[in-house]
Amino acid sequence: MNFSDLGLGPEVLRAVEDAGYTQPTPIQQQAIPLVLQGRDVLGCAQTGTGKTAGFTLPMIEILGKGRARARMPRSLILEPTRELAAQVAENFEVYGKHHKLNMALLIGGESFGDQVKRLDRGVDVLIATPGRMIDLFERGNILLSDIKIFVIDEADRMLDMGFIPDIERIAGLLPKMRQTLFFSATMPPEIRRLADAFLMNPKEVTVAPPASPATTVTQALAIIHRDDKRKALRHLLRTEEVKNAFIFCNRKKDVGVLHRSLEKHGFNAGALHGDLPQSVRTETLEAFRRGDISLLVCSDVAARGIDIQGVSHVFNFDIPIHAEDYVHRIGRTGRAGRSGRAFSLATPEDGKHVADIAKLIGKDIPVIPVDGLDQPGFEDVEDRRHRRGRKDDERARGRTERPERARRPERAAPKVEPVEVERAAAASRQDPGRQDLGRQDLGRQDLGRHDQTPRPDYRRDDRRRRPEMDDDETVVGFGDHVPAFVLRRARPASASMEEV
Ligand code: AMP
């Protein structure tokens with residue numbers, strides 16, 4: 001089948017030809033005619049399948065026939081991360097080069113002013129992350145009553161990131177008569193329920209079984225002690241022919257530590273994770289794309305959809321806790337039919353996670369030795385449980401010796417006397433400024449909430465965590481949730497109810 005068989009017009013066909021595509025991919029073959037017919041589409045497709053062109057090409061075709069009015073965009077595409085949003089915007093530029101469509105990219109971390117100016121000029125295509133979209137709407141900068149096409153991309157990732165309430169809110173602001181395109185790499189029941197809520201009589205298109213890693217990626221696993229990980233990585237980086245590589249860590253703080261360590265050992269590395277300012281994230285990704293940086297140490301923010309052609313390697317410095325993340329991570333290499341290599345460093349405690357991955361991908365990852373390093377093998381889970389149980393018992397009986405700690409002089413924990421707590425509470429009652437400060441801080445947190453900050457509800461049962469949340473982060477007090485009564489101004493003893 002050719003692109004010209006799909007119902008696309010001459011300008012879009014020319015752009016496709018300019019992009020060097022000769023044949024539509026399976027998702028494009030299925031989705032493009034449906035979108036052109038105005039049907040709602042439920043697409044089960046991973047990144048790397050060509051799904052972005054699957055929805056952008058027909059959208060350009062449809063939108064090319066009308067004009068946008070100021071502040072009233074005609075189509076809206078929601079993406080879970082800024083990087084993905086920026087990538088879709090690039091796709092629009094490439095495929096829409098023979099059309100005069102206006103596009104605006106609304107992502108956090110960039111100036112509101114510029115984004116508002118673009119909206120004022122009238123946009124045909126709005127590409128946004130959910131948080132920034134809601135912020136702009138709440139500021140009154142945008143009207144969504146003219147949206148004709150609504151795209152929710154990477155829905156399962158949106159779910160993991162806690163964006164579903166935001167998306168539901170945005171969908172509620174859109175006209176009922178619209179075309180909705182909903183894409184997800186996986187279709188767990190929660191995603192199906194959402195699709196049912198958002199789509200009207202959709203046509204379902206599915207390509208490649210979800211979570212099947214590209215066959216072009218050669219995978220290997222080294223089982224080593226935790227303390228040997230950096231050494232093992234350096235060894236692999238030196239012995240493999242690494243042109244460029246993503247190196248994934250589970251925790252943001254480890255991204256920083258590993259990045260500094262690699263630089264110290266003379267590697268040309270950059271770091272990318274969700275806590276870095278957007279300008280740094282964009283710059284780093286561009287430097288990696290250009291080849292100025294050859295190793296990108298990153299968190300899972302870079303695992304999905306980032307499309308950089310010709311990445312030779314992926315290293316999992318940590319085994320991902322969720323098996324699907326493994327598939328997404330290694331999918332950064334072996335793209336567009338090229339070969340790629342993926343190495344994972346497991347510690348003896350990772351046996352369960354590695355088994356989960358093997359179950360998901362339907363095969364074991366071949367285990368390789370790393371020269372000069374001990375190969376401990378996986379710990380037996382039962383053994384570990386017994387050992388932990390024994391330790392707990394001993395600790396309960398007060399018999400456990402912690403040799404390192406025992407040698408250090410014990411410092412007594414500062415004792416907080418109840419009277420001190422009361423005094424502090426009394427001081428804050430007498431000093432309203434102090435209370436206000438607390439309120440302001442909470443208020444600011446709340447404002448920032450929309451900007452990529454996920455919330456705990458609506459997540460998959462087994463994923464009750466913030467994305468990239470440090471596993472060793474302690475949840476203090478109410479955690480993310482601030483009960484309403486805490487936010488309410490305290491009533492001075494003499495005030496009546498009306499004054500509150
Ligand atoms: P996506 O799944 O949308 O992230 O696309 C993955 C990659 O495939 C991107 O680099 C696209 O430029 C490329 N691509 C999309 N459609 C085609 C096609 N029909 N032929 C060749 N490459 C394509």
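The values are calculated or read from the model by the stated rules, or taken from the named source; none is laboratory data. Quick caveat: nothing in here was measured; it's all calculated off a predicted structure. Glycine also receives a Cβ, built like all others from the backbone with ideal geometry; neighbour counts cover every protein chain displayed.
Can you confirm whether segment 300-311 contains a residue that is out of contact with any Gly (no Cβ under 7 Å at 6 or more places or on another chain) and polar (S, T, N, Q)?
yes
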Screening 11, 93, 61 for residues that are away from the ligand (no atom under 14 Å from the Cβ), assigned to a helix (DSSP H, G or I) and free of Cβ contacts under 8 Å to residues at least 60 places away in the same chain leaves only 61
Return yes or no: is residue 80 in contact with a helix residue (DSSP H, G or I) (Cβ under 6 Å, 6 or more places away or on another chain), in a loop (DSSP other than H, G, I, E, B) and within 13 Å of the ligand (Cβ to nearest atom)? no
I'm told residue 140 meets every condition in (1) more than 25 Å from residue 51 (Cβ to Cβ); (2) within 16 Å of the ligand (Cβ to nearest atom) except one. Can you identify the failing condition by its number? (2)
Pick out the one residue from 355, 323, 303, 342 that is over 25 Å from residue 49 (Cα atoms) and among the hydrophobic types (A, V, I, L, M, F, W, C). 355
Within segment 109-124, tally of residues that are of a type in the set (Gly, Ala, Ser), in a loop (DSSP other than H, G, I, E, B) and more than 20 Å from the chain's Cα centre (by Cα): 2
State which residue is nearest to the ligand (Cβ to nearest atom) when the search covers only segment 301-323 and only residues that are crowded, with 23+ Cβ neighbours inside 10 Å and closer than 15 Å to residue 185 by Cα. 305
Scan segment 265-275 and tell me whether some residue there is over 26 Å from residue 108 (Cα atoms) and either of a type in the set (Asp, Glu) or touching a strand residue (DSSP E or B) at 6+ places or on another chain (Cβ under 8 Å) (or both). yes
Looking at (1) surrounded by 18 or more Cβ atoms within 10 Å (Cβ to Cβ); (2) within 16 Å of the ligand (Cβ to nearest atom); (3) without any contact (Cβ under 8 Å) to a residue 60 or more places away in the chain, can you tell me which one residue 298 breaks? (2)
Picked from segment 125-156 (must be assigned to a loop (DSSP other than H, G, I, E, B) and of a type outside the set (D, E, K, R)), the residue nearest to residue 113 (Cα to Cα) is 141
Members of segment 157-212 that are among the hydrophobic types (A, V, I, L, M, F, W, C) and in a loop (DSSP other than H, G, I, E, B): 161, 163, 174, 177, 185, 187, 199, 200, 207, 208, 211
Filter segment 57-81 for residues that are closer than 21 Å to residue 171 by Cβ and not aliphatic (A, V, I, L, M); the one that is modelled with the lowest pLDDT is 71
Note on segment 29-43: residues surrounded by 24 or more Cβ atoms within 10 Å (Cβ to Cβ) and within 13 Å of the ligand (Cβ to nearest atom) are 31, 32, 43
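Could you say whether any residue in segment 158-173 is on the phi > 0 side of the Ramachandran plot and touching a residue at least 60 places away in the same chain (Cβ under 8 Å)?
Looking for residues that are on the phi > 0 side of the Ramachandran plot and touching a residue at least 60 places away in the same chain (Cβ under 8 Å), one finds at least one in segment 158-173, hence yes.
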